[in-house]
Amino acid sequence: MRIVVLTGAGVSAESGLATFRDADGLWEGHDPITVATPEAFDADPDLVQRFYDERRAVLGRVQPNAAHVALARLEAELGKNLYLVTQNIDDLHERGGSSRVHHMHGRLRAAWCTACGGRHEWTDTLVERPPCPSCEASALRPDVVWFGEVPYDMDAIDQALWACDLFVSIGTSGLVYPAAAFVHYAIGNGKRTLELNLAASDGTSDFHESRRGPATELVPAWVDEVLAAR
Ligand code: BV8
């Protein structure tokens, strides 16, 4: 059984990370979707750097939850037959034990130099314009994919959706593309599809099956099911 799992903010909600939907929709009075854009970075780089510096700082105060840990257990059992792609820029899948996590929207704990193109593990702040470790230029930005930018790993993701037997969506509202279209690719390729989510998402009606509940309950139970069926 080859499985593609897509996760969103809902899988990290019970670790204390606000989702996009329930972050009362605003950061410092700004719609996060308007801050997460190249235009916002050009217009007010300090504002955007602070947005990500604060989220990066919060990461140090949260822990992976039972859903992250269960997906790591599934990876240990299925090996390359599990393809885990996340929209999340947090590192809780890795800290939960997953070793192969495809961050299609980038990572908070990474900086990208727009002068030399270098990418660097980063746990500190960026608002003070620290020099790039490679080229010394003060041109570092968060290594995240903003609205209007092309997501990472799209070819590998397409390939995995083509080759899988089951597509599972966990903790996502299905409002941001191209991730929201993965269920359509999967169904178009004749694959089985399952949604695990606290509330109905924008794509719920497209899934063969949709289960309601918190990820820390639904995901371990589903992983037990998959491993028991082998
Ligand atoms: C692109 C990084 C071209 C930064 C992010 C087609 C139609 C309409 C619009 C578009 C379209 N195609 C492109 C667009 C434009 C745009 C888009 O989709 N706009 C939306 C707003 C309409 N897309 C883009 O610009 C993308 N780029 O399309 O390039 C292209 C396309 C294909 C191939 C090549 C090129 C780039 C989008 C990436 C933007 N960056 N993040 C940052 O994080 O700051 S997106 C960001 O928002 C997240 O990564 C995530 O993707 C999204 C938030 O969604 P969720 O994760 O689902 O979170 P949300 O809060 O919405 O929902 C939480 C869910 O969890 C809820 O359903 C809730 O019920 C559930 N839940 C809550 N608690 C729990 C739970 N479930 C279980 N347990 C719980 N405890």
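The values are calculated or read from the model by the stated rules, or taken from the named source; none is laboratory data. As the structure is a computational prediction, the values presented were derived from the model and not from experiment. Here the Cβ is made from the backbone with ideal geometry for all residues, glycine too, and neighbour counts use every protein chain on show. SASA here: full protein model, heavy atoms, side chains in, ligands and nucleic acids out. Shrake-Rupley method; radii C 1.70, N 1.55, O 1.52, S 1.80 Å.
Nearest 500 deg cm²/dmol is fine: what mean residue ellipticity at 222 nm does the chain get from its DSSP H runs of n ≥ 4 alone, each adding -39,500 (n - 2.57), divided by its residue count?
That calculation yields -9000 deg cm²/dmol at 222 nm.
As an exercise, identify the trypsin sites (Lys or Arg not before Pro) in the range 68-105 lying in DSSP coil whose Cβ has no more than 14 other Cβ atoms within 10 Å.
Answer by residue number: Arg100.
I'd like to know which of Ala186, Leu74, Cys135 lies farthest towards the positive end of the charge dipole of the chain, counting +1 on Cβ of Lys and Arg and -1 on Cβ of Asp and Glu.
Ranked along the dipole, the leading option is Leu74.
Using the alpha carbons of the range 105-230, what is the convex hull volume per residue in cubic angstrom, as a whole number?
153
Can you pull the percent of the chain's accessible area that's carbon plus sulfur, 1.4 Å probe, other chains left in place?
Of all accessible area on the chain, carbon and sulfur atoms account for 54 percent.
Can you give the charge dipole size of the chain about its Cα centre, rounded to the nearest 20 debye, using +1 on the beta carbon of Lys and Arg and -1 on the beta carbon of Asp and Glu?
That gives a dipole near 700 debye.
Please calculate the 1.4 Å probe accessible area of Glu14, with all protein chains present, and give it to the nearest 10 Å².
90
How long, wide and thick is the chain, going by the Cα atoms along their three principal axes, in whole angstroms, largest first?
Principal extents (Cα only, largest first): 53, 35, 33 Å.
Measuring from centroid to centroid over Cα atoms, what is the spacing of the range 158-177 and the range 37-58 in Å?
After rounding, the separation between the Cα centres reads 28 Å.
Roughly how big is the range 50-143's charge dipole about its Cα centre, with Cβ charges of +1 (Lys, Arg) and -1 (Asp, Glu), in debye to the nearest 20?
Approximately 140 debye in magnitude.
So what are the ³J(HN,Hα) numbers for the range 204-211, from phi and the Karplus equation (6.51, -1.76, 1.60; θ = phi - 60°), rounded to whole Hz, Gly and Pro as x?
Calculated HN-Hα couplings, in order: 3, 5, 8, 8, 4, 9, 9, 10 Hz.
If I measure Cβ to Cβ between cysteines in the chain, which ones have no partner under 4.7 Å?
Cys164
Counting only heavy atoms of the protein chains, get the accessible area per residue of the chain (1.4 Å probe) and round it to a whole Å² value.
Roughly 46 Å² per residue, with all protein chains present.
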